[in-house]
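Each remark here refers to the structure printed beneath this line.
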């Protein structure tokens, strides 16, 4: 089987998580500066077999799209042009940043480490992927 890759898109940084080849375990992979995201994905897809990309869909509490959605749509246009055969699925990512921060607290990370926004983004991508696997 191939991996599933999840993206927690941000205007500055993007968190990335992947599954193992059996699609059982979600793990944080890295955080990439958003302008370098497409080159990172090109390199990753050359090395690893990925058969689905999940992209977080940030919604407000009332279900309306958040402000970053316009940037995500621009990214998706570039992504689908660059990788036309790669399936993409959008996944509700409401509250993942809060859940990621709480996970950091629960795991005993120091205040200094909890300020690492890149780690929050990576954990958020992992939560998106875990929730997808759980409901799959």
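What follows is calculated from the coordinates using simple rules that are stated; it is not laboratory data. This one's a predicted model, so the numbers in the text were calculated from it and none came from an experiment. Note that we place each Cβ from the backbone using ideal geometry, even for glycine, and neighbour counts take in every protein chain shown.
Relative contact order, whole percent, for segment 1-81 stands at 30, derived from Cα pairs under 8 Å and 6 or more residues apart.
Calculated FRET efficiency, residue 36 to residue 86, Cβ-Cβ distance, R0 = 22 Å: about 0.75 to the nearest 0.05. Put simply, when 46-54, 29-37 are sorted by average Cβ atoms within 10 angstrom per residue, most first, you get 29-37, 46-54. Ranked by the mean number of other Cβ atoms within 10 Å per residue, highest first, peptides 66-78, 117-129 order as 117-129, 66-78. As a proxy for reagent exposure, 90, 13 were ordered by neighbouring Cβ count within 10 angstrom, fewest first; the result is 90, 13.
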